[in-house]
Amino acid sequence: MTFCRPTPFLRTIAALTSFVFLTTTLDLFVASTAHAASDRESLEEAQDYFLVADFGTALDRVDKLLGSGHLEGGVLRDAWVLKARCEIGLAHRSSAVDAYCQALRVDPAWRPDRDLFTKDEIDVFDQARAGCDLERTEAPSPLPSPAASGGGGTPWYKKKTVLIVAGVLVVGGAVALLAGGSDEPELPGPPPPPPATN
């Protein structure tokens, strides 16, 4: 097998493919970062309602966030904690226990700050911690969500594995195009000039 020089067309295709992959990856990263910031802001708005004792409005806001199915990490845990606190404010103790259990499934090490939480909230938390089954790390949401309705959790294009595999394929394709490999035998060049005779 011999290598021939890549044509300008192949170089252009490789460059365009790499450009499209890089811009798409950057767009997805920026969009996911903006989405996370938006979720945190929405949760803070719900918390503002909670702080003025408008537990019903705060609970509606938190339920919408949890129902979206795209919260994760600390935002997901904080949403479940706020839901539990709203339920306690509305005197729904069993729902509060369930919400605290969900928060503990997301972050088993989380504990309420005894200076910020009321005695009743801490008592319900202790009840939840004593009775929760924390062996599962992911708990299904009791609210309707895309994951529960068959829509799946994280969209395929946001999964890191997909982005890594796509990156490897794009880079590999670009290298193959730039190398321009060919299985055809290379034709011999013109014969050398005959030796000069005097």
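For the range 80-98, a tally of residues being within 15 Å of LYS119 (Cα to Cα), surrounded by fewer than 17 Cβ atoms within 10 Å (Cβ to Cβ) and among the aliphatic types (A, V, I, L, M) returns 1.
In the list SER42, SER18, SER94, SER38, which residue meets the criterion of being closer than 22 Å to ASP126 by Cα, hydroxyl-bearing (Ser, Thr, Tyr) and at pLDDT below 95? Step through it out loud before you land on a result.
Working: SER42 fails: closer than 22 Å to ASP126 by Cα; SER18 fails: closer than 22 Å to ASP126 by Cα; SER38 fails: closer than 22 Å to ASP126 by Cα.
Result of the check over SER42, SER18, SER94, SER38: SER94.
Just to be sure before I move on: is THR118 modelled with pLDDT under 85 and not small (Gly, Ala, Ser) in the structure I sent? Spelling it out, it is not the case that THR118 is modelled with pLDDT under 85 and not small (Gly, Ala, Ser).
Scanning the range 79-108 for residues that are assigned to a helix (DSSP H, G or I) and charged (D, E, K, R) gives LYS83, ARG85, GLU87, ARG93, ASP98, ARG105.
Among all residues of the range 132-153, there is at least one that is surrounded by 11 or more Cβ atoms within 10 Å (Cβ to Cβ) and either aromatic (Phe, Trp, Tyr) or at pLDDT 60 or above (or both). The number of residues in the range 72-91 being in contact (Cβ under 8 Å) with a residue 12 or more places away in the chain and over 12 Å from ALA103 (Cα atoms) comes to 5.
The values are calculated or read from the model by the stated rules, or taken from the named source; none is laboratory data. All values derive from a computational prediction rather than experimental measurement. With ideal geometry, Cβ positions are generated from the backbone for all residues, glycine too; neighbour counts draw on all protein chains shown.
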